[in-house]
Amino acid sequence: MIPAAFDYTRATSVEEALGILASDEGAKLIAGGQSLLPLMKLRLAQPARLVDIGRLPELRGVSKLDDGRLSVGALTTYAELMDSPAVHLAVIRDVVPAIADVQVRNRGTIGGAVAHADPAADLPAALLALDAELVIQSSSGTRSVKADGFFQGPFATGLAHDEILAAVILPAPRGDAGSAYASIQQRASGYPIAGVAAVVFVGAGGLVEGAGIGVTGVSDHPYRAHEVEDALVGTTGTADAVAAAAALVVGDREVSADIHAGREYRAAMAVVHARRAIEAALARAR
Ligand SMILES: Cc1cc2nc3c(=O)[nH]c(=O)nc-3n(C[C@H](O)[C@H](O)[C@H](O)COP(=O)(O)OP(=O)(O)OC[C@H]3O[C@@H](n4cnc5c(N)ncnc54)[C@H](O)[C@@H]3O)c2cc1C
């Protein structure tokens, strides 16, 4: 339980951190340390240098953009997110309390959760359903990408070694929207066996005009279930329509199996929780 030896630099600016990443292949960022430190203690990760970005004020806090969207700095903790305007998004109110425990939510950061890309991390499901954008910085500039497509495999993302996730952009709350997160958790860690986030936009006459469905815990990375969205849009969200859409949540993806749940059970739980999340989102939109 003792990490291998490593060098340590506390970055005093994003530029300094980016410079170290660009020049040192063995350098790794640390923010809240809630995922990286346990891995280092088990020697599953052995970075030669830790670059501590945990005290950079420019990566912290939630601010409103001119178009009403919210920019959530990567160092914002789960607890800070719950104390910000992001709580106007119901799916955020659902998902954050489902993550870990109070201690982890006080230290763990949004950027760390997204960059770490645990296949069963809760927050990515909500970000996928919300169609969130990720702001990524490197020494050569800043780029934005959609959350959809960013998660590529177990602990694998679209981030390059010399890049920092600077912020997550959340949509502005909308009057015609409803959202929710539903999951079944492992008792010990709280990680989901299957977790589904749903966002729906309901128009006049109760017609579903748009939807976002994010899924986690089910396969080797969190994903957006476009097939469920397509099946929901254009319906009035009847119980039959929701059940038919939810049934598509796994599709032909390879479902994970581990000591907590076999493939068949996990797939079944994904369908159940897709239905629950969609029903709750629809109820909130009406
Ligand atoms: C006991 C326990 C229970 C947990 N239960 C859950 C759970 O139920 N659900 C859940 O979703 N999660 C759970 N977690 C995981 C927790 O959500 C994450 O550990 C935490 O959010 C990661 O953020 P961090 O700031 O601590 O990241 P760190 O541990 O500091 O970093 C994690 C990784 O992200 C990289 N990184 C960090 N910040 C950035 C950045 N800005 N740009 C680029 N790369 C970056 C680091 O290099 C590292 O590879 C649990 C963790 C613990 C310890």
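The values are calculated or read from the model by the stated rules, or taken from the named source; none is laboratory data. All values derive from a computational prediction rather than experimental measurement. Methodologically, a virtual Cβ is constructed for each residue, glycine included, from the backbone with ideal geometry; neighbour enumeration extends over all protein chains shown.
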- Query: For region 54-71, what are the residues that are over 20 Å from the mean Cα position of the chain (by Cα) and assigned to a loop (DSSP other than H, G, I, E, B)?
  - Reply: 55, 56, 65, 66, 67, 68
- Message: Can you list residue pairs whose Cβ atoms sit under 7 Å apart, with the first residue in region 152-174 being over 19 Å from residue 93 (Cα atoms) and among the β-branched types (Val, Ile, Thr) and the second being assigned to a strand (DSSP E or B) and within 14 Å of the ligand (Cβ to nearest atom)? Count only pairs 6 or more apart in sequence or on different chains.
- Response: 157/151; 164/29; 164/137
- Report whether or not residue 55 is surrounded by 14 or more Cβ atoms within 10 Å (Cβ to Cβ), basic (Lys, Arg) and in contact (Cβ under 8 Å) with a residue 40 or more places away in the chain. no
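Here is a yes/no grid of residues against (1) at pLDDT below 95; (2) on the phi > 0 side of the Ramachandran plot; (3) of a type outside the set (Ser, Thr, Tyr):
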{"position": "154", "(1), (2), (3)": "no, no, yes"}
{"position": "189", "(1), (2), (3)": "yes, no, no"}
{"position": "202", "(1), (2), (3)": "no, no, yes"}
{"position": "216", "(1), (2), (3)": "no, no, no"}
- Note on the structure: Only one of (1) more than 12 Å from the ligand (Cβ to nearest atom); (2) closer than 30 Å to residue 259 by Cα does not apply to residue 195, and that is (1)
- Item | Looking only at region 111-123, and only at residues there that are under 16 Å from residue 148 (Cβ atoms) and near the ligand (Cβ under 7 Å from one of its atoms), the one that is surrounded by the most Cβ atoms within 10 Å (Cβ to Cβ) | 123
- Task: Being polar (S, T, N, Q) and assigned to a loop (DSSP other than H, G, I, E, B) is the filter; apply it to region 72-110 and report the residue that is surrounded by the fewest Cβ atoms within 10 Å (Cβ to Cβ).
- Result: 84
